[in-house]
1. Can you find, within region 177-193, the residue that is least open to solvent (accessible area, probe 1.4 Å) among those that are assigned to a loop (DSSP other than H, G, I, E, B) and not charged (D, E, K, R)?
2. Checking the conditions here, which among Leu92, Leu102, Leu107 is under 30 Å from Leu391 (Cβ atoms), open to solvent by 10 Å² or more (accessible area, probe 1.4 Å), within 22 Å of the chain's Cα centre (by Cα) and in contact (Cβ under 8 Å) with a residue 60 or more places away in the chain?
3. Please tell me if His325 is within 19 Å of the chain's Cα centre (by Cα), of a type outside the set (Phe, Trp, Tyr) and either modelled with pLDDT of 95 or more or open to solvent by 20 Å² or more (accessible area, probe 1.4 Å) (or both).
4. Within region 271-313, count every residue that is over 14 Å from Trp348 (Cβ atoms) and either open to solvent by 50 Å² or more (accessible area, probe 1.4 Å) or not in a strand (DSSP E or B) (or both).
5. Take Thr196 and tell me if it is at pLDDT 95 or above, buried (at least 18 other Cβ atoms within 10 Å of the Cβ) and of a type in the set (S, T, N, Q).
6. Quick one: is Gly174 among the small types (Gly, Ala, Ser), within 30 Å of Ala441 (Cα to Cα) and in a loop (DSSP other than H, G, I, E, B)?
7. Give region 99-131 a look and list any residue that's touching an Asp or Glu at 6+ places or on another chain (Cβ under 6 Å) and more than 22 Å from Leu181 (Cα to Cα), or say none.
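The values are calculated or read from the model by the stated rules, or taken from the named source; none is laboratory data. As the structure is a prediction and not an experimental result, all values here were calculated from the model. With ideal geometry, Cβ positions are generated from the backbone for all residues, glycine too; neighbour counts draw on all protein chains shown. Protein only, heavy atoms only, side chains kept; ligands, DNA and RNA dropped before computing areas. Shrake-Rupley method; radii C 1.70, N 1.55, O 1.52, S 1.80 Å.
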Amino acid sequence: MARTLPLTLPGSLLLSDMDGPGAYSGVQHVCMDVSPKGDRYLLTRIRQISAGEKEGMCAHLISRFRPDGELAGRLVLHLSRGVGERETLGGLPTTIDDLCVLPDGSLALTVGQGEVFLVDAELRGTIGSWEGDRSTTWDEWDVSEHLRGGFATLIRTTPAGRLLCVVPEREAGGMGTRPNLIGLAEDPLTAEERPTVRIIKALVVPGDGPFTGKWVADEGSPRLPHTIHDGAPAGPGNRPTPSLLTEVRERGCGGVWSLSPRRADFHYEAYRVLAEDRFVIPLFESPRPDRWSSYSYALIDDRGTLLGELESPGRGDSSPIPGEHYAVVTDPARGRAYHVNRSGLYMWDADGRLLARLPTTEKAYKGLRHLKPMACAPDGTLILIRPEHGLMLDIEIPDDLADLGPVVAEALADHNRRRNRLKKEWKPIDWRWVEDEAPLAHL
């Protein structure tokens with residue numbers, strides 16, 4: 001069975017004069033995570049400029065959907081108004097990059113520099129944070145103090161409730177930080193206490209191969225008190241070796257021979273837990289990658305051993321890079337991973353073997369090129385969105401792979417029918433599904 005639902009926007013936030021010259025409306029559904037009970041949490045960014053550039057608005061919010069798709073609540077994380085110089089009206093002091101449902105049902109909202117904000121499961125507000133140094137200017141920002149007081153750039157939960165974390169370090173030659181240390185935490189993350197993160201792998205280790213000194217700094221960079229490796233806090237002089245980048249390059253995973261840390265990018269949407277003891281870690285070339293650029297969806301275990309990779313979709317017309325289709329989603333209970341790009345849908349097992357590919361060159365699967373995988377529900381349902389139309393599509397993945405093609409083909413056909421019906425019922429302007437009566441809370 002398939003289901004298509006509109007991802008509605010709260011009318012009270014949106015600007016009114018959005019149909020004249022100069023008007024702009026941008027909606028980005030950044031990421032989604034699903035609780036063990038099946039509740040879905042969607043992070044959305046909205047940016048609008050009214051006709052004539054008279055008004056501007058920027059908002060970041062979380063929407064909570066029950067397993068049946070019913071909207072259960074929304075929380076505005078950040079709201080500012082104005083064109084050019086914006087006035088912040090409330091919420092968190094920064095842009096949120098990612099979210100994770102923690103084992104106790106609360107949410108961890110993470111930022112690239114390592115800040116973490118904790119929000120209760122009912123979206124009533126924040127219940128704590130690990131922000132490090134929140135100085136407002138680069139000149140005042142103490143990077144070392146910030147790293148010591150923050151937590152992680154990214155968090156994922158394993159089936160047993162452990163936390164897979166990516167921890168940032170000081171950037172080499174710069175004023176910021178870079179995500180670099182991959183580790184596991186056995187204890188809960190709460191407002192009162194950070195768990196110790198056991199570091200199992202580093203994306204890059206300075207001196208471990210060519211160009212590695214251009215990623216993270218050793219001089220002036222602190223050891224991180226909430227991490228441990230070889231009996232001491234991780235950081236300069238105490239990181240697992242060899243680095244993941246070096247191992248991937250030396251083993252030629254996916255044909256990747258040219259990856260270097262100055263060209264390795266970070267994609268939140270592809271860091272995934274595939275099983276209790278194995279994780280997907282993406283490595284992509286940047287800046288300005290193209291369809292012939294190198295990449296790998298590496299697989300490591302909970303000791304940091306490189307197991308291999310998800311069998312590459314390939315480069316050229318099969319590459320995920322055109323259109324920025326980097327996302328991978330996983331179903332740890334069944335040991336499956338999924339990816340969708342312009343060339344089709346891919347499914348792997350827990351060892352990275354390709355189980356199925358549905359190519360968009362076939363008419364029945366052509367609609368896949370418009371979809372982005374967001375998450376898997378506890379029952380194995382694959383959740384996708386159609387970004388330009390603001391629609392969410394559920395596909396119940398069959399146990400028998402022989403049925404996968406027919407099930408996906410029927411889901412796509414039903415999606416098109418449902419989309420047309422919704423358009424007639426709602427009459428959306430520029431595919432904005434506006435719901436005035438929806439529940440909405442502000443920080």
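1. Looking at residues that are assigned to a loop (DSSP other than H, G, I, E, B) and not charged (D, E, K, R), I get Leu189.
2. When all the criteria are applied, what remains is Leu92.
3. Details: within 19 Å of the chain's Cα centre (by Cα): yes; of a type outside the set (Phe, Trp, Tyr): yes; either modelled with pLDDT of 95 or more or open to solvent by 20 Å² or more (accessible area, probe 1.4 Å) (or both): yes.
It is true that His325 is within 19 Å of the chain's Cα centre (by Cα), of a type outside the set (Phe, Trp, Tyr) and either modelled with pLDDT of 95 or more or open to solvent by 20 Å² or more (accessible area, probe 1.4 Å) (or both).
4. Total meeting the criteria: 16.
5. For Thr196, the condition - at pLDDT 95 or above, buried (at least 18 other Cβ atoms within 10 Å of the Cβ) and of a type in the set (S, T, N, Q) - is not met.
6. Numbers: among the small types (Gly, Ala, Ser): yes; within 30 Å of Ala441 (Cα to Cα): no; in a loop (DSSP other than H, G, I, E, B): yes.
No, not satisfied.
7. Across region 99-131, the qualifying residues are Ser106, Ile127.
Condition check ((1) surrounded by fewer than 16 Cβ atoms within 10 Å (Cβ to Cβ); (2) in contact (Cβ under 8 Å) with a residue 12 or more places away in the chain; (3) assigned to a helix (DSSP H, G or I)) across all residues:
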position	(1), (2), (3)
Tyr346	no, yes, no
Asp351	yes, yes, no
Gly367	no, yes, yes
Pro378	yes, yes, no
Met392	no, yes, no
His415	no, yes, yes
Asn420	yes, no, yes
Pro439	yes, yes, no
